[in-house]
Structure formats: structure tokens, C-alpha cells
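Data block below; observations after.
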Amino acid sequence: MSTVIEQPVEARLVAAAPRMPNIPATLHYDRRDPFAVHMTFPAPATLEGVDVCWTFSRELLTAGMEQPEGHGDVRVRPYGYDRTVLEFHAPEGTAVVHVRSGELRRFLAATNELVPVGLEYLQLDLDRDLEELMRGSH
């Protein structure tokens, strides 16, 4: 069984510097990092001109589809019938994107199939993580 889920989504850019209304973003989930979701935006859609990846919790994405959630760099809230708004706050500015909620629900269902919500801890390899931390401290 694969340990990674990747799903392209069409994000509609609402507020940001580059003029690129629709962005082919990618959602990414890896069961080796079971609490996190990654959303990558292609270089043409970013201020830096390089791919940008935002990492946030799967729980934030799930909860934000029902009611406004998040107080930090990433905020999520429902919008209208089948849209979800994701706000990405950085020192350079804020990007606001709309994504179809159906696409997000499909992605979250796939992540839940791979790692059921509440059982994420079973995927953690604390010995390996500690070993990596110790290796990096030399």
C-alpha cells in the first residue's frame, strides 16, 4: 500500500501579487508525517518565482471546512455552497485561495483511508525521529 497521497486541485487565487486567477496546486499527505497536509503552489503563482509549499494540520483543514479555523499563518473557512477559503499569511503578504470543497473532501477521505483520524500516533516512529534529531545535532 502506498504511503503517500497526492491530489491536484484547482485553486482560484483571490488576493495576491501575481495575476494568475487559477492555480494548479497540489495537496500532499504522507503517512510518515500523519498529522500534516502539504499544499504546493507552482513557481508562476508565487512572489519568489519558485514552488512554495505550505504545511498545516489535517485537523485544521477538516475543521475549517465547517467553520472558520486557524489563528496563525494558515487559516481555513467555508465559503458559499461548495468552496473553502484558505488564507496563507507570510511577511511578504497574504494569498487567499478558493478551493472546491468537494475536492478537499475527496482528498481528506483518501487520507482517512490511509491513516484513520485518531490513529495517527500508530504511524509515528519515535526511535527513528529521535535518531534523526540526534544526527542533526552534531
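Return the residues of region 12-39 that are at pLDDT below 75 and of a type in the set (A, V, I, L, M, F, W, C); say none if nothing qualifies. Spell out the reasoning first.
Looking only at region 12-39, we keep the residues that are at pLDDT below 75, and these are 12-21.
Once the filter is applied, which keeps residues that are at pLDDT below 75 and of a type in the set (A, V, I, L, M, F, W, C), region 12-39 yields Leu13, Val14, Ala15, Ala16, Ala17, Met20.
Sort through Asp51, Asp30 and tell me the only one that's open to solvent by 50 Å² or more (accessible area, probe 1.4 Å), charged (D, E, K, R) and within 16 Å of Pro8 (Cα to Cα).
Numbers: Asp30 fails: open to solvent by 50 Å² or more (accessible area, probe 1.4 Å).
The match here is Asp51.
In contact with a helix residue (DSSP H, G or I) (Cβ under 6 Å, 6 or more places away or on another chain), modelled with pLDDT of 85 or more and of a type in the set (Gly, Ala, Ser): is that true of Gly70 in this structure? Can you show your working first?
On the way: in contact with a helix residue (DSSP H, G or I) (Cβ under 6 Å, 6 or more places away or on another chain): yes; modelled with pLDDT of 85 or more: yes; of a type in the set (Gly, Ala, Ser): yes.
For Gly70, the condition - in contact with a helix residue (DSSP H, G or I) (Cβ under 6 Å, 6 or more places away or on another chain), modelled with pLDDT of 85 or more and of a type in the set (Gly, Ala, Ser) - is met.
Can you pull out every residue in region 40-67 that is more than 20 Å from Val115 (Cα to Cα) and at pLDDT 90 or above? Break it down into steps so the answer makes sense when it comes.
At the first step, the residues of region 40-67 found to be more than 20 Å from Val115 (Cα to Cα) are 40-54, 66-67.
Scanning region 40-67 gives Thr40, Cys53, Trp54, Glu66, Gln67.
Please enumerate the residues belonging to region 69-92 that are hydroxyl-bearing (Ser, Thr, Tyr) and assigned to a loop (DSSP other than H, G, I, E, B). Working first, answer last.
Here is the first cut: in region 69-92, the residues hydroxyl-bearing (Ser, Thr, Tyr) are 79, 81, 84.
Residue satisfying the conditions is Tyr81 alone.
Which pairs do you get when a residue that is in contact (Cβ under 8 Å) with a residue 12 or more places away in the chain and among the aromatic types (Phe, Trp, Tyr), found in region 81-109, comes within reach of a residue that is in a strand (DSSP E or B) and open to solvent by 40 Å² or more (accessible area, probe 1.4 Å), reach meaning Cβ atoms under 7 angstrom, with the pair 6+ apart or on two chains?
Pairs found: Phe88/Trp54; Phe88/Thr94.
The values are calculated or read from the model by the stated rules, or taken from the named source; none is laboratory data. Just so we're clear, the structure is a prediction, and the values are computed from it rather than from any experiment. When we count neighbours, we look across all protein chains shown, and the Cβ atoms used for this are built from the backbone with ideal geometry, even at glycine. Heavy atoms of the whole protein, side chains included, go into the accessibility calculation; ligands, DNA and RNA do not. Shrake-Rupley method; radii C 1.70, N 1.55, O 1.52, S 1.80 Å.
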